[in-house]
Structures are given as structure tokens and as C-alpha cells.
1. For the residues Phe80, Phe11, Phe40, what sequence is obtained by ranking on other C-beta atoms within 10 Å, fewest first?
2. I'd like the trypsin sites (Lys or Arg not before Pro) in the stretch 1-72 restricted to DSSP loop residues with at most 14 other Cβ atoms within 10 Å, sorted by number.
3. For every helix of n ≥ 4 consecutive DSSP H residues, a contribution of -39,500 (n - 2.57) applies; sum these over the chain, divide by its total residues, and give [θ] at 222 nm rounded to the nearest 500 deg cm²/dmol.
4. With an 8 Å Cα cut-off and a minimum separation of 6 or more residues, compute the relative contact order for the chain in percent.
5. Compute from the Cα atoms of the stretch 28-98 the Rg and the Dmax, the latter being the longest Cα-Cα distance, and quote both in angstrom.
6. Stretch Trp181-Ile46 to full length: gain in nm at 0.36 nm per residue minus the Cα-Cα span?
7. Given a cut-off of under 8 Å on Cα pairs at least six residues apart, what relative contact order in percent is computed for the stretch 1-65?
8. For the stretch 96-193, what does the relative contact order come out to in percent, with C-alpha contacts under 8 Å and a separation of six or more?
Amino acid sequence: MTLLIGGLLLFIGAHLVPTQPTLRTALIRSLGEGPYKGAFSLISAIGIVLLVLGYGQMQGLARGNPQLWVPPIWTKHLVFLLMVPAMILLVATYVPSRIRSAVGHPLLTALMLWALGHLLANGDLASVLLFGSFLAYAVCDRISVRHRAAPGPLGQTQGGILGDVIAIGLGLLLYAFMLLWGHAKLIGVPLLP
């Protein structure tokens, strides 16, 4: 559990810094923009590695990962449903489109859908820690984005219908990839029998 919690603290802690503009500005002033971005990336990468290892470790321990509740079967189907818009929004984060403009910060919305769906469908302690933490972070950052007017990775770039088609098409391809092959190979949990 220590690896998972440590990874979550590092990754989410690093990502909470931009929600505090005064702190972020002070760090950039003292470190420089390049070193700040480098430290941010390094801490985030270490956090991801630790949380992946910690989550995997907890999943392998029956006694160290108690089942807090048994999710109803319909929650598994809900995850399949929620992941369709999550994948489209994930792609829309990086494609100028009307979807991106309408949602504002589609990556955070995709993260909320991903975390909520997986939290509802998994009742073990490791899943509650992982998905609950990411859901709480995404909600907090989404609120912060409104106050900071943070436009996301593409800035104020606007897109049209072609961007929507690209975001939807690539999002559906990403969904199909994860459903048919990616989730089993990358996460270790096959989604289809």
C-alpha cells in the first residue's frame, strides 16, 4: 500500500501545483521554467511508476487488499459506457474541435469519467485509493481551472466540425483498441472473454 500511496502523493501532488498560481510562479522564478518543467515531469513519472507498481502489488495480495464492497454487475457495463465519451474527450484534448471548446478542459472531464466508472465497478481498497484519488483530483482541478482560466494544452485554439470528426473517430478507435487488446496487454485485465 505504501508504494501506491507514495505514487499518488507524488503524481497528484505535482499536478496540484499548477492549481496554485502563486506557488507555481514562485517555483518557476526560483528554478527557471525549464528546470521547473523537468522537475514536474520527473516527479510525475516517478509517481506513475510507483502507483502502477503499488496498485499491481496490492492486487496480488488477498489480505492486503480487502474487498470493501461487491459492486453490482451493472457497474461493469457502466464502465464500458462511460469509457466511450472518456476516450473521445481524451483525444479532443489534443485536437482543436468544437467538442474541446464546449467542454473547456476535456482531459479533466475524461479523467473524471474514467475514475468514476472504475471506482463504481471495483470495490477493493487499492481501487478505491487509486480511482477515488484521481476522481477527487480531477474535480478539484476542474474547479481550479475555472478560477485560473487555464485553457489546457492547445490554449485558445478553436476548431470546427472536422476536428469533431477526428476527435470522435480517433476516440472510438482508442476505445476499440483498449476494449479488444490494450486493456488486457497494458493493464493485465482482459475486458472481453
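1. Least to most surrounded, the residues fall as Phe80, Phe40, Phe11.
2. Arg63
3. Roughly -23500 deg cm²/dmol at 222 nm, from the helical runs in the chain.
4. Once normalised by length, the contact order is 25 percent.
5. Computed over the Cα atoms of the stretch 28-98, radius of gyration and Dmax are 18.8, 52 Å.
6. Stretched fully, the Trp181-Ile46 segment lengthens by 46.0 nm.
7. Relative contact order here is 58 percent.
8. In percent, rounded to a whole number, it is 34.
Here, each number is a calculation from the coordinates, and none is a lab measurement. Keep in mind it's a predicted model, so treat the numbers as computed, not measured. Cβ atoms come from the backbone with ideal geometry, glycine included; neighbour counts cover every protein chain shown.
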